[in-house]
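The values are calculated or read from the model by the stated rules, or taken from the named source; none is laboratory data. None of the values given here were measured: they were computed from a predicted structure. Backbone-built Cβ (ideal geometry, glycine too); neighbour counts: all protein chains shown. Surface accessibility is based on the protein's heavy atoms, side chains included, excluding ligands, DNA and RNA. Shrake-Rupley method; radii C 1.70, N 1.55, O 1.52, S 1.80 Å.
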Amino acid sequence: MLWTNRIFCGMIKDSVYLRDRQMRNLGGIKSMRKVVKFGGSSLASAEQFKKVGDIIRADKGRKYVVPSAPGKRFDGDIKVTDMLYACYAKAEKKEDITASIAAIRERYMEIINGLGLSLSLDDQFEVISENFKKLAGSNYAASRGEYLNGIIMANYLGYEFIDAAEVIVFHEDGTFDAETTNEKLSARLAECDNAVIPGFYGATAEGKVTTFSRGGSDITGSLIAKAVHADLYENWTDVSGFLIADPRIIDHPEAIETITYRELRELAYMGATVLHEDAIFPVRQEGIPINIRNTNAPEDNGTWIVGSTCQKSKYVITGIAGKKGFCSVNIEKDMMNSEIGFGRKVLQAFEENGISFEHVPSGIDTMTVFVHQDEFMHKEQKVVAGIHRLANPDAIDIESDLALIAVVGRGMKSTRGTAGRIFSALAHKNINVKMIDQGSSELNIIIGVANEDFETAIQAIYDIFVITRL
Ligand code: ADP
Ligand code: ASP
Ligand code: MG
């Protein structure tokens, strides 16, 4: 893969050059092998399918296609995955699902008819209805969105359809089996030059259909890229790349040109949902770059996600992301810093109650544990009792409705005063900073604010680093 990395370093500098080169397949350079994943909004209607078809046909290297289920066609529309979950919930309550199944079927028929395909999904819908009534599981239910879209996509492109249940393997306990998956995928895909493999799901050895978490088609694409030793994993969505901040908060944020896997994982984990945070691992092992592209603007270069890069980020920060809905548990005890094992005892109280923590900033006599409010709420008194029993603190104080914001950037390491600038930008907007925590990698700074200050805080940070370029 060194070959790929070296070429990409130069290529990213000038992505027009990159695309020319890809298209022309210059002598001496092997044809690129690409895995292309298309998200729900890219496949929400026949019109969108046609754009996707054009993109795939424009480059012979786009050999393996991973479709999501049809997403929203317009604001207020419902994703097919959500329709399937809702329909299955009805089946569980023994309610009549005829109308719900018909509405889902209609979504697919609109695509099939709009593409002029002579494809019938009658048999599949019969089996699906039966399995819903037999309560085959909500994972099975949700997976049908990708399964059916995969059948349509394969028919439309004239590619082979490979059911993900045959090649993506989960353990009986629902966890993902990376090793068996890689073996199965490599063996199966070695047999075919082009294929459509639906995203989001797989199955256990016993054939029980299991899914990744929401947005998991991104993971499927990455697994396939790894298995076929792809040169590139293209992830096509509805925005022109990974943007510096969430476009639902910031008006037309700039796209990030190049970002490292580590930076992206921090941002994805903290709410930049454009790529599932776990989609990084398989390609990272192989050094395969990911290119995020826009199905509605294929001429845009999008964002390059790479292992490491000689590209300096345009601004001190690479991106900002955040999530609402955290609680802080503040534990005080005089001389806590000199009590060996104090932190472990506190965290044990969370562990015993099955609660994971997000951040643990600490001082000399205080330690704060940030947790997800929805996980923590109904167990809070048990946890508090546990901390008292195990660590014997002086006081425990809980604060709810907090948001965490991650400011991420490889450039922060070599720039002094980033945290100070964030502080002053927030102070300027009268935002009270509850917590600030700089990761030891100096790649990210995490800031805690009240939920109600979340959007204003992101805007203030964006303004200071991107608009005024301080
Ligand atoms: P897909 O269906 O193609 O997988 P997603 O809806 O999962 O697409 O992800 C794309 C969406 O992610 C965008 O439409 C945007 O609203 C949202 N998003 C949140 N943060 C970011 C970000 N930093 N950059 C780009 N998109 C973001
Ligand atoms: N369709 C699934 C979801 O809505 C998976 C995906 O889109 O990646 O979460
Ligand atoms: Mg997605």
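Kindly indicate the residue of region 363-379 that is at pLDDT below 95, open to solvent by 30 Å² or more (accessible area, probe 1.4 Å) and touching a strand residue (DSSP E or B) at 6+ places or on another chain (Cβ under 7 Å) and also farthest from Val346 (Cα to Cα) among those meeting that condition.
Per the criteria, the residue is Asp365.
May I ask you to verify whether Leu148 is closer than 20 Å to Arg33 by Cβ, open to solvent by less than 30 Å² (accessible area, probe 1.4 Å) and not in a loop (DSSP other than H, G, I, E, B)?
Criteria not met by Leu148.
Would you mind telling me which numbered condition in (1) over 25 Å from Glu110 (Cβ atoms); (2) touching a helix residue (DSSP H, G or I) at 6+ places or on another chain (Cβ under 9 Å); (3) part of a helix (DSSP H, G or I) Glu179 fails?
With (1) over 25 Å from Glu110 (Cβ atoms); (2) touching a helix residue (DSSP H, G or I) at 6+ places or on another chain (Cβ under 9 Å); (3) part of a helix (DSSP H, G or I) applied to Glu179, the lone miss is (2).
Checking Thr237 against (1) closer than 24 Å to Lys314 by Cα; (2) more than 14 Å from ligand 3 (Cβ to nearest atom), which test does it fail?
(2)
Looking only at region 144-163, count every residue that is within 16 Å of ligand 1 (Cβ to nearest atom) and in contact with a strand residue (DSSP E or B) (Cβ under 8 Å, 6 or more places away or on another chain) and tell me the total.
Number satisfying all stated conditions: 4.
Can you tell me how many residues in region 206-243 are within 16 Å of ligand 1 (Cβ to nearest atom), open to solvent by 20 Å² or more (accessible area, probe 1.4 Å) and over 19 Å from Gly145 (Cα atoms)?
3
List pairs: first residue in region 56-81 and away from ligand 1 (no atom under 14 Å from the Cβ), second residue open to solvent by 10 Å² or more (accessible area, probe 1.4 Å) and among the acidic types (Asp, Glu) anywhere in the structure, Cβ distance under 8 angstrom, at least six positions apart or on different chains.
Lys63/Asp193
Quick check: anything in region 219-228 in contact with a Lys or Arg (Cβ under 7 Å, 6 or more places away or on another chain) and more than 16 Å from ligand 2 (Cβ to nearest atom)?
Yes, region 219-228 has at least one match.
Which of (1) modelled with pLDDT under 95; (2) touching a Ser or Thr at 6+ places or on another chain (Cβ under 6 Å); (3) open to solvent by 10 Å² or more (accessible area, probe 1.4 Å); (4) within 12 Å of ligand 1 (Cβ to nearest atom) is the odd one out, the single condition Val316 does not satisfy?
In the conditions (1) modelled with pLDDT under 95; (2) touching a Ser or Thr at 6+ places or on another chain (Cβ under 6 Å); (3) open to solvent by 10 Å² or more (accessible area, probe 1.4 Å); (4) within 12 Å of ligand 1 (Cβ to nearest atom), Val316 misses (4) alone.
Consider only pairs whose beta carbons are under 6 Å apart and that are at least six residues apart or on different chains; among these, list those whose first residue lies in region 345-363 and is without any contact (Cβ under 8 Å) to a residue 60 or more places away in the chain and whose second residue is assigned to a strand (DSSP E or B) and among the aliphatic types (A, V, I, L, M).
Going by the 6 Å Cβ cut-off, the qualifying pairs are Val346/Ile331; Ile355/Val371; Phe357/Val369; Phe357/Val371; Val360/Val369.
Has region 445-466 got any residue that is of a type in the set (Val, Ile, Thr), farther than 19 Å from Ile244 by Cβ and open to solvent by 30 Å² or more (accessible area, probe 1.4 Å)?
no
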